[in-house]
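*Asks:* Let me begin by handing over the structure; questions about it come next.
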Amino acid sequence: MLYLVPGATSSVGEMSDAEAFGSLQFWWFSTVVMLRMVLFMIGEVLQETICMGILGGDTVKFGMQRLWGAAGWGVMSLVAGGAIDWYSRGLAQKDHLPGYLLSAASFLVDFMVAFNLKVPETDGPTTNVLRDVKVVLKNTKVCVFLVWATVGGIFTAYIWFYFIWYVDDLATIYHPERKSMLSSIEGFSLTIECLGGEVPFFYLSGYLIKRTGHMTAFSISFAMFALRFLLYSIIRDPLWVLPVELLNGITFGLSYIAGISYSAKIAPVGSEGTVQGLFSMAFQGFGGSLGAPLAGYTFSHLGSVMAFRLIGFIALIMCVIQIVVNYFLNRNKKLIA
């Protein structure tokens, strides 16, 4: 459906805001993306819940399993990018058909595997999901955990949605000679994020969380977000963003594994999927939805470099607040899950 969006090769920069909001292209694209995200979130919650169930809630094994998803992102970003560049040779605009075909083939294989997967049944009696969720949300520490998940989602949105804009700004403003290789830099950055950052850290995250605890893992993640954003704010050459992307394993990987494993730990029997959904709603739903317009506003009014500097200082402040709140929660044994 995305491939068939009318005028998909047109540049958004050629339209005014009023023209964009009034165009069929905009609303077709927005509707398909919204539908895609709904289906993506359903699939993600199901797969993480099923995986944790099969592994018996073992955080270490889950991290080792999840790293293969990061490996897939890293490898396929290179394969799809190369295929699109090859298919688009001689064309004025990139034709992304090879990417969609690769995606369709991968989903078909994924469906066949998932359809034949033996899912462990819940041992406990039938439960009232809403009642169980209310019980979980009565725990102060769980509510605070969802707040940290939302904050982590806000920070992640800056990278997911505006990192490419930032790299393009660096090349345009400071190093125009990099423009010819900009797509390669942006594609390789994703490969480094996944293969260099996420894969090894997903492998180690389970061991680290067992030693530090879930809340401390968020503290470490927030501190590394602050470092990552502040490094972005002093870099002027797009090539230097590549080594910084190695931090993605700590910023995203650690907080994500901590959130998934903590959700599995606190979920009542039979409500595992619902509690996993609460974490995903906080991290990607509330966090992503708040982070995207916040990033857009700061990028538009401050510029990409200063926007990352501002969010870097905010991440540092949130890290300190998180450590203090976690300290007082741990002092009150009645609030500990």
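*Asks:* Tell me, what is the per residue accessible area of the range 176-277 in Å², probe radius 1.4 Å?
*Replies:* Per residue, the range 176-277 has 36 Å² of solvent-accessible surface.
*Asks:* With the other protein chains left in place, how much accessible area per residue, in square angstrom, belongs to the range 37-93 at a 1.4 angstrom probe?
*Replies:* Accessible surface, normalised per residue, equals 58 Å².
*Asks:* Round to the nearest 10 and report in Å² the accessible area of residue 274, as given by a 1.4 Å probe over the protein chains' heavy atoms.
*Replies:* Spelled out: residue 274, probe radius 1.4 Å, area about 50 Å².
*Asks:* Now a separate question. Give the distance, in whole Å, between the Cα centre of the range 42-103 and the Cα centre of the range 239-254.
*Replies:* Centre-to-centre (Cα) distance: 18 Å.
*Asks:* Here's another thing I want to ask about it. Run the 1.4 Å probe and let me know the accessible area of residue 87, rounded to the nearest 10 Å².
*Replies:* 100 Å²
*Asks:* Check the straight Cα-Cα distances from residue 265 and name the aspartates and glutamates below 15 Å, setting aside those fewer than 8 residues away within the same chain.
*Replies:* Straight-distance partners of residue 265: 48, 58, 132.
*Asks:* Considering only protein heavy atoms, what is the solvent-accessible area of residue 131 at a probe of 1.4 Å, reported in Å² to the nearest 10?
*Replies:* 130 Å²
*Asks:* Could I ask something else about it? For the chain, give the percent of accessible area contributed by carbon and sulfur heavy atoms, probe 1.4 Å, rounded to a whole number.
*Replies:* 70 percent
The values are calculated or read from the model by the stated rules, or taken from the named source; none is laboratory data. As the structure is a prediction and not an experimental result, all values here were calculated from the model. For the accessible areas, the whole protein counts, side chains as well, though only heavy atoms, and no ligand, DNA or RNA atoms are used. Shrake-Rupley method; radii C 1.70, N 1.55, O 1.52, S 1.80 Å.
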